[in-house]
1. If the Cβ limit is 6 Å and pairs must be 6+ apart or interchain, which residue in the stretch 98-113 that is under 18 Å from ARG58 (Cα atoms) and hydrophobic (A, V, I, L, M, F, W, C) pairs with which residue that is open to solvent by 50 Å² or more (accessible area, probe 1.4 Å) and part of a helix (DSSP H, G or I)?
2. Looking at the stretch 113-133 only, could you name the residues that are open to solvent by less than 10 Å² (accessible area, probe 1.4 Å) and over 17 Å from LEU159 (Cβ atoms)?
3. If a residue must be touching a residue at least 60 places away in the same chain (Cβ under 8 Å), in contact with a Lys or Arg (Cβ under 7 Å, 6 or more places away or on another chain) and open to solvent by less than 40 Å² (accessible area, probe 1.4 Å), how many such residues does the stretch 207-261 contain?
4. I need a count of the residues in the stretch 10-29 that are in contact (Cβ under 8 Å) with a residue 24 or more places away in the chain, assigned to a strand (DSSP E or B) and surrounded by fewer than 16 Cβ atoms within 10 Å (Cβ to Cβ).
5. Within the set of pairs 6+ apart or on separate chains, which have a first residue in the stretch 31-49 that is on the phi > 0 side of the Ramachandran plot, a second that is outside any helix (DSSP H, G or I) and open to solvent by 40 Å² or more (accessible area, probe 1.4 Å), and C-beta atoms under 6 Å apart?
6. For the stretch 51-77, give me each residue that is farther than 16 Å from ARG300 by Cα and either polar (S, T, N, Q) or open to solvent by 40 Å² or more (accessible area, probe 1.4 Å) (or both).
7. Testing GLU32 on (1) charged (D, E, K, R); (2) closer than 19 Å to LEU107 by Cα; (3) in a strand (DSSP E or B), one condition comes back false. Which one is that?
Amino acid sequence: MRLGVLDVGSNTVHLLVVDAHHGAHPWPAHSEKSVLRLAEQIGADGALTEAGEDALVRAVTDAKIAAARLTADDLIAFATSAVRDATNAPQVLARVRRETGVHLEVLSGADEARMTFLAVRRWFGWSAGRLLILDIGGGSLETAAGIDEEPDVALSLPLGAGRLTREWLGLEPGDPEAPSTRAVEELREYVESSLDPVVDKVTQIGWERPVATSKTFRTLARLAGAAPSAAGLWTRRVLSQTGLRQVIGFIRHIPPSKLSELEGVSASRAHQLLAGALVAEAAMRRFGVEELEICPWALREGVILRRLDQLETS
């Protein structure tokens, strides 16, 4: 069957259409995204602005049309932290459904972690043993650990690259100046203190294979020397603590307007890269992880796999 999954995230609205059935590898048939940066369209009152709502409705409408054109049998639509945290989320969701006919399910942070964990487990298989997964999104950091397809612990923290960039570094796309040393150090301290409550919980579970997903980790790995996307989906890619520290030392003094010129760094996310790197470094160090393996599957694939499992048992 052909499934469409619509991921309304903090940075992008991403439609992925795959051909899949239970027990098989979901093969991508189409992928398209709109860069909305919804997290940056949250007003002082915590509500998504009218302009943000309008952009979201247009993006969902376009995705629905694309899914129909590609003859998707089903469209699974979900939203993560940007919509989840908006004070007017119920009104936004109601408007999207009224004007597009698409029901957006808001995932909790723990659900994001669980479904990402499922995707990583299916990618690496049972031989990977106990897994630790880290995923840095635009609005939150998800972590999970366990030996089964359902993790023993699944947690979410408000340490997304976009959120921290906006709240602590004050950077915008194309900014000509790098953030101040004081701003970077204050962000480091905040990240450290935010990780305190979860380190012991996750470490108690233990793991044999630490894994990272998300655009942020893929970009950092690429800057640290991992193979480019052109090398193929099956190419092994890793990110080491040493490599990550070298990347941070390099990008720390480069303004977003110049970062976007580096290979593998998208212009729309360049200003968020330093914040994401600081979260990645702190998490790896606090969990005692010397090297992370990059998994190409993440939340969207987890949502697809969960739906296929549900269809098989219904």
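The values are calculated or read from the model by the stated rules, or taken from the named source; none is laboratory data. For clarity, every value in this text was computed on a predicted model and none was experimentally measured. Counting neighbours? That spans all protein chains shown, and the Cβs are built from the backbone with ideal geometry, glycine included. Surface accessibility is based on the protein's heavy atoms, side chains included, excluding ligands, DNA and RNA. Shrake-Rupley method; radii C 1.70, N 1.55, O 1.52, S 1.80 Å.
1. VAL102/LYS64
2. PHE117, LEU118, ALA119, VAL120, ARG121, ALA128, LEU131
3. 2
4. Residues meeting the conditions: 0.
5. GLY46/THR87
6. ALA51, ASP54, ARG58, THR61, ASP62, LYS64, ILE65, ALA68, ARG69, THR71, ASP73
7. For GLU32, the failing item is (2).
Per-residue answers, yes or no, for (1) of a type in the set (Asp, Glu); (2) buried (at least 24 other Cβ atoms within 10 Å of the Cβ); (3) modelled with pLDDT under 95:
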site: PRO90; (1), (2), (3): no, no, no
site: LEU93; (1), (2), (3): no, no, no
site: ARG97; (1), (2), (3): no, no, no
site: GLY101; (1), (2), (3): no, no, no
site: VAL106; (1), (2), (3): no, no, no
site: ASP111; (1), (2), (3): yes, no, no
site: ASP135; (1), (2), (3): yes, yes, no
site: SER156; (1), (2), (3): no, yes, no
